[in-house]
1. Going residue by residue through the stretch 38-61, is there one that turns out to be modelled with pLDDT under 95, in contact with a strand residue (DSSP E or B) (Cβ under 8 Å, 6 or more places away or on another chain) and either of a type in the set (Val, Ile, Thr) or surrounded by fewer than 11 Cβ atoms within 10 Å (Cβ to Cβ) (or both)?
2. Residues Leu165, Leu232: which one is under 21 Å from Pro38 (Cα atoms) and touching a Phe, Trp or Tyr at 6+ places or on another chain (Cβ under 6 Å)?
3. Considering only the stretch 117-148, state which residues are among the hydroxyl-bearing types (Ser, Thr, Tyr) and open to solvent by less than 30 Å² (accessible area, probe 1.4 Å).
4. Are any residues in the stretch 158-202 hydroxyl-bearing (Ser, Thr, Tyr) and over 20 Å from the mean Cα position of the chain (by Cα), and if so, which ones?
5. Just a yes or no: is a residue in the stretch 87-102 closer than 30 Å to Leu173 by Cα and either touching a Pro at 6+ places or on another chain (Cβ under 6 Å) or polar (S, T, N, Q) (or both)?
6. Do you know which residues across the stretch 11-37 are open to solvent by 30 Å² or more (accessible area, probe 1.4 Å), more than 15 Å from Ile238 (Cα to Cα), in contact (Cβ under 8 Å) with a residue 24 or more places away in the chain and aliphatic (A, V, I, L, M)?
7. Working carefully through the options Ser60, Ser109, Ser52, find the one that is more than 21 Å from Ala270 (Cα to Cα) and hydroxyl-bearing (Ser, Thr, Tyr).
8. From Leu97, Leu108, grab the single residue that is closer than 30 Å to Lys318 by Cβ and either without any contact (Cβ under 8 Å) to a residue 60 or more places away in the chain or open to solvent by 50 Å² or more (accessible area, probe 1.4 Å) (or both).
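The values are calculated or read from the model by the stated rules, or taken from the named source; none is laboratory data. None of these values were measured; they are calculated from a predicted model. Backbone-built Cβ (ideal geometry, glycine too); neighbour counts: all protein chains shown. When the accessible area is computed, the model is the full protein with side chains, heavy atoms only, and any ligands, DNA or RNA have been set aside. Shrake-Rupley method; radii C 1.70, N 1.55, O 1.52, S 1.80 Å.
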Amino acid sequence: MAEQLISTAVHHTLPHSYVRSEAERPRLHEVVPDADIPVVDLANPDRAAVVSQIGSACSSHGFFQVLNHGLPVEAMRAAMAVAHDFFRLSPEEKAKLYSDDPAKKMRLSTSFNVRKETVHNWRDYLRLHCHPFDQFVPEWPANPPPFRDVMSTYCKEVRDLGFRLYAAISESLGLEQDYIKKVLGEQEQHMAVNFYPKCPSPELTYGLPAHTDPNALTILMMDEQVAGLQVLKEGRWIAVNPRPNALVINLGDQLQALSNGRYRSVWHRAVVNSDRPRMSIASFLCPCNSVMLGPAEKLIGAETPAVYRNYTYDEYYKKFWSRNLDQEHCLELFRT
């Protein structure tokens with residue numbers, strides 16, 4: 001099945017199955033190139049200021065970048081390097097890992113959900129379940145040889161950062177510092193290593209079309225040399241330009257629900273270019289499948305009734321994967 005992967009060949013023309021209709025194209029000339037994205041320095045000794053900045057970013061953008069986040073730069077660079085090495089493996093080696101089954105906990109695949117989508121996306125990706133590590137890491141790719149050690153080290157650091165961010169987000173909502181971590185249960189952690197090859201016609205397709213993330217929190221390491229992430233703000237797409245050693249944080253649907261709609265799981269997309277390939281590593285913190293999710297009781301009142309009904313993450317995740325990526329916000333299906 002390796003012929004499904006776009007990273008196994010050089011493409012001089014865009015295959016028809018990737019071409020979007022006129023109305024669905026990215027209109028790259030309309031993108032705001034230099035908008036301000038909130039940036040939070042986690043080394044700021046003024047805890048109240050950090051919490052305030054994060055809360056403001058969660059309500060205004062649903063996205064922010066963090067500096068001095070505590071992840072060792074060496075671990076970040078090693079993860080990005082081994083990701084590049086993975087996608088340089090031979091087609092035969094990659095074919096062993098290929099699957100288009102969204103239920104598989106380790107798979108190399110392409111686009112988003114090739115079983116049901118009608119137009120494909122210019123992306124190959126390696127999807128990994130990460131936690132508990134001793135359960136999943138032995139199933140990860142054995143090649144390149146450093147892959148398991150390097151990526152598991154990176155995953156552990158990201159998990160710690162995610163829990164620190166949960167504490168700040170909880171505080172910003174006026175909740176107990178450990179509220180989000182406790183209410184989401186024993187959390188799963190997934191990773192998507194995304195590879196976007198050079199594209200012959202980037203104005204006709206996407207790396208990923210507009211979507212929100214179904215999980216709780218996403219931590220993204222971007223390619224510092226090539227931009228491609230864009231977020232929707234007040235009806236306009238704005239480019240998120242890479243900053244050295246920064247990480248991009250975006251709220252997933254579950255934190256929008258937990259905040260009773262105060263915070264935003266914002267629409268974002270990935271675009272491609274004809275000059276250079278691009279890599280990104282997205283880490284997803286996901287609620288325990290069986291816990292009951294919904295707005296925090298402290299945020300519900302006579303003037304702020306519950307916006308969403310309660311549900312389990314298992315119910316939500318199945319609904320998310322049963323749809324096309326760029327359909328209406330999945331949370332709309334869970335409104336009260």
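1. No, that holds for no residue.
2. Leu232
3. Once the filter is applied, which keeps residues that are among the hydroxyl-bearing types (Ser, Thr, Tyr) and open to solvent by less than 30 Å² (accessible area, probe 1.4 Å), the stretch 117-148 yields only Tyr125.
4. Listed by number, the residues that qualify are Ser170, Ser172, Tyr179, Ser201.
5. no
6. Val19
7. None of the others qualify; the one that does is Ser52.
8. Leu97
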